Structure formats: structure tokens, C-alpha cells
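Let me begin by presenting the structure, written as C-alpha cells, before commenting on it.
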Amino acid sequence: MGTTHCDRLWTHARLATMAGPEPYGAIEDGVIAASGGRIVYAGPRSEAPAFAADDTVDCGGRWITPGLIDCHTHLVYGGDRAHEFEMRLQGASYEDIARAGGGILSSVKATRAASEDELFATADRRLSELMREGVTTVEIKSGYGLDIESEAKVLRVARRIGRERPVTVRTTLLGAHAVPPEYKGRSGDYAALVAGPMLDAVVAEGLADAVDVFCEGIAFSPEETRLVFAAAKAKGLAIKIHAEQLSNLGGAKLAAQMGALSADHLEHLDEDGVIAMAQAGTVAVVLPGAFYFLRETVKPPIELLRKHGVPIALATDANPGTSPLTSPLLTMNMGCTLFRLTPEEALAGMTRHAARALGLQDEIGTLETGKACDLAIWEIERPAELAYRIGFNPLHARIRNGQ
Ligand code: DI6
Ligand code: FE
């Protein structure tokens, strides 16, 4: 019998493939083979072809999961908001601070003032924290520039991270994150700028894979959201939405009906919205870091999402104002403790379903033949440990594209 050549082989591993009928798609005595950065085999040792590998790694019984995917972050911004944290602890509300010129607008000021190199350096620090816990793909939104040049600057930094660091980056234009001071009281005019010249500029430079809108009373209306999405779709970009975080404006349903990849936050989502998402195949991205940090009390309707079969992804929402969180493992723990996800759902939320939320379900998110060989190797006895501990990192190795 002949042997099959491969670049690299991982043996004596337990696999959480996140595919197949078993819990976690688990395989007790598993093998992964990679060639050219792709998985050419992931399955039981007993069924594996005889491989001749350039390099063999004995995993000593450790667990391998797909590399983690953080599908919703605002990683690139200037400054920080620690002072507002102090103010909130002295009784000021998020809205009080925003009205006093703080909030998102203080991050906008700092982001506009920062150079690309400065933004790269601070985002890179945060990215290292994500990677240290097994992240191999990250989505990065703009949204703290809020003018054409500053939004483009942030997205250029995000693209540069993807080129210079061993991580896959998907970029999202969130020009419609807040109404900038120059457009105070004229959100419609600003939405038209985003849907027109800003989108044109970003597309001309190839800076965005998707477009997101913060649809909320304090941000953009469903009508303004629709305008931006229609323009994005006309340019061939994917759409995503921040919806139903603080109130229910029906944004998730609107986005689903327009074919959105995901609707994110969703604390105030109703069953009508859940059904629209199920019909469209739109992923629900829940963000327990923001829920925790804002001390919200209304939870996303996890039971309804399960009932209607909407895939649930989980992300850090890493941002300076409402989720200064750069730990995917703590995010999984919070998904379980705060939203009552199971540890298996939490892991699926940062692998298989997160891939779908980025439109990358054929590329990453499970350990299956043909996908990119993005792996996280963990020093654990069972996969539930990833969501169980608080502040403990059992990562043994992180592999991207087989390296
Ligand atoms: N929802 C949020 O919680 C953040 N953005 C969003 O769309 C707030 C971001 C900030 O306060 O800086
Ligand atoms: Fe967000």
C-alpha cells in the first residue's frame, strides 16, 4: 500500500472537529494532516491513509479545536475610555457621558488624531491578546473615524494587520456607527455621505469586505440603515447590523430580509425578528462583554434562537466604550454564565457559526478536509474547560495555515 505525502501531521490528538453528530464533533484518537496550508485529513487514526509527513507533531493526547474566530471587534481606535469608567462608577450614565462630549465621540477625536502607525501599534497589542488565546481569524470594524479619510485610515490599518500578522482579517466599514459632531442633528445627511462618497472611497481602495450599521435610537434609523445597506449591496459587499441592543427597532428583521450575514447584540430581539433571521440564514452574534460592562438586564432570546434554528455566534465586541474585552475564553465563559449557552454552543459560537457570520463557512470554522489548517491545541481534558475557567489560558499552540 502506498503512502500519501503531506507537509505536516498531528498525531495522538483528541479532535473537537465541530462537525458531525457527536458532541463537539469529537474524535478520541485523531489525526490531522495538512498540505499547502490546507487540511487534507482530519479524522480517526484508524481510518487515516498512511501519511509520509515532512514534519510530525505528537500531541500527547491534547485537544485540537478549529482556530478561534472573533467575528465582531472594533480593534482599531485611538485612546481609551478608562476615565469614563471612573465617571460611571461615580454615578454618571453612559448617556450622561455621551451628552457631555464623551462616549463614542471621545474615541473619534483620539482616532482622528492618531497616525496609522500609532493605530497599528495599539491594535496590535490587543490582537496579541486574542491570538494568545487561540484566535486565527478576526473581523475588524471601522467606526471611530466618522469621516471619509479617517474611516479609510482605520480600515487601512486593519488590512495591514492582516498582511503583517499571522491572522486572517476581515474588514467591515461601520461608517454609520454614530453621527459625527459636524453632522449633529443631521443623521440623514450623514447616512447619505456613508452610502455615497464614503462607500465609494472605501470600495475604490478595496478596504472593506462588509458594511455594518448601528441601528438604534441613539444612532441610525431603520430607513437610514436600509439606504446604507442598499448602497453596500449594489457594490457587492456583505452586510451586517448592530441591532436591538438597547431597544427593538426591527433592525435585525430588516437586515435579514436584505440578506445580512449576521445581526449582532440582539438583547431586545422579538420572535418575529428571530423567524426572519431563520428564514434568511442570518447568524445571531451575541456579545456578552457589552452586556456585562453596561450591566444590562435584558438578555438575547437564546431559547427562541434555538427553537427556530438560528446559528448563534459569540464575539468579544472589543471596543473602548462598552466592551474593553480581548479574551475569547472569557467571552465563552460569559456566554455560558450570562446567556446560559452550553459550553458546546459557546465553542461553536467562536468557530463554526462565527465563520458563517463572516461568510467564510467553506474556508474555516471546523476541522474538515479542504478547509484552511487553522488550529488551536489545548492542554485540557475536555472541551468544556475552554468555557469553564475564568482567567486561565490553556493554549498549547496556535497554528495558522498549517504553520
Ligand atoms: N454598540 C456598542 O455597544 C458600541 N458600539 C455599538 O454599536 C459602543 C461603542 C462605544 O461606546 O465606543
Ligand atoms: Fe460592536
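Observations
- For region 333-403, the square roots of the Cα gyration tensor eigenvalues, ordered a ≥ b ≥ c, give a/c of at least 1.5 with a/b no greater than b/c, which places it in the oblate category.
- Figure note: Ser35, Ser323 ranked by solvent-accessible area, largest first, 1.4 Å probe, ligands and nucleic acids not counted: Ser35, Ser323.
- Contact order for the chain, expressed relative to its length and based on alpha carbon pairs under 8 Å spaced 6+ residues apart, stands at 19 percent.
- Nearest-ten-degree value, helix 328-339 long axis tilted from longest Cα axis of the chain: 70
- For region 303-356, trypsin sites (Lys or Arg not before Pro) are listed when DSSP marks them as loop and at most 13 other Cβ atoms sit within 10 Å of their Cβ; the list is Arg340.
- Under a 5 Å amide H cut-off, with hydrogens placed 1.01 Å from N, Tyr41 pairs with Ala33 among residues at least 5 apart or on other chains.
- Along its first, second and third principal axes, ordered by size, the chain spans 73, 42, 41 Å in Cα coordinates.
- CD proxy at 222 nm, helix term only [per DSSP H run n ≥ 4: -39500 (n - 2.57); per residue of the chain; nearest 500]: -10000 deg cm²/dmol
- Annotation: amide H of Gly143 within the under-5 Å range of Leu174, sequence separation 5 or more or interchain, hydrogens built in the peptide plane.
- Using the Stokes-Einstein relation with a Kirkwood hydrodynamic radius computed over Cα pairs, the translational diffusion coefficient of region 41-107 at 20 °C and a viscosity of 1.002 mPa s comes to 123 µm²/s.
- Most to least packed among 44-51, 274-281, 169-176, 56-63 [average Cβ atoms within 10 Å]: 169-176, 274-281, 56-63, 44-51
- Carbon-plus-sulfur accessible fraction, region 1-152 (probe radius 1.4 Å, protein heavy atoms only): 53%.
- DSSP bridge analysis restricted to region 1-75 gives an antiparallel fraction near 55%, rounded to the nearest 5.
- Charge sum, other residues only, whose C-beta stays under 14 Å from Leu341's C-beta, Lys/Arg counted +1 and Asp/Glu -1: +1
- Across region 173-183, rounded Karplus estimates of 3J(HN,Hα) from the backbone phi angles (6.51 cos²θ - 1.76 cosθ + 1.60, θ = phi - 60°) give 7, 10, x, 8, 9, 7, 8, x, x, 5, 10 Hz, Gly and Pro being marked x.
- Charge-dipole axis of the chain as Lys and Arg at +1 and Asp and Glu at -1 on Cβ define it, positive-most pick from Trp10, Met198, Ala231: Met198
- Tensor-based shape of region 40-174 (alpha-carbon gyration tensor, a/c under 1.5 rounded, otherwise prolate or oblate): prolate
- Dimensionless Rg over Rh [region 224-270; C-alpha; Kirkwood]: 0.97
- Projecting the Cα positions of Met258, Asn401, Thr73 onto the charge dipole of the chain (unit charges on Cβ atoms of Lys, Arg, Asp and Glu, taken about the Cα centre) puts Asn401 furthest along the positive direction.
- Amide hydrogen proximity for Cys6: with H placed 1.01 Å from N in the peptide plane, the residues at 5 or more positions away or on another chain lying under 5 Å are Ala52, Ala53, Asp54.
- For region 238-244, putting each phi into the Karplus relation 6.51 cos²θ - 1.76 cosθ + 1.60 with θ = phi - 60° gives couplings of 6, 10, 9, 9, 8, 9, 6 Hz, in residue order, rounded to whole numbers and with x for Gly and Pro.
- Annotation: the antiparallel percentage among DSSP beta bridges lying fully within the chain is about 35.
- Helix 104-113 axis versus longest C-alpha principal axis of the chain: approximately 80°, rounded to the nearest ten.
- Angle in degrees between helix 116-132 and the longest Cα principal axis of the chain, rounded to the nearest 10: 40
- For the residue pairs Lys184/Lys240; Lys299/Lys371; Lys153/Lys299; Lys109/Lys371; Lys184/Lys307; Lys184/Lys235, alpha carbon separations beyond 32 Å are given by Lys299/Lys371; Lys153/Lys299; Lys109/Lys371; Lys184/Lys307.
- Solvent-accessible surface of the chain, averaged per residue with a 1.4 angstrom probe and all protein chains in place: 39 square angstrom.
- Couplings for region 350-358, taken from phi via the Karplus curve 6.51 cos²θ - 1.76 cosθ + 1.60 with θ = phi - 60°, read 10, 9, 4, 6, 5, 4, 5, 4, 9 Hz in order; Gly and Pro are left as x.
The values are calculated or read from the model by the stated rules, or taken from the named source; none is laboratory data. If you're wondering where the values come from, they're calculated on a predicted model, not measured in any experiment. Methodologically, a virtual Cβ is constructed for each residue, glycine included, from the backbone with ideal geometry; neighbour enumeration extends over all protein chains shown. For accessibility, only protein heavy atoms count, side chains too; no ligands or nucleic acids. Shrake-Rupley method; radii C 1.70, N 1.55, O 1.52, S 1.80 Å.
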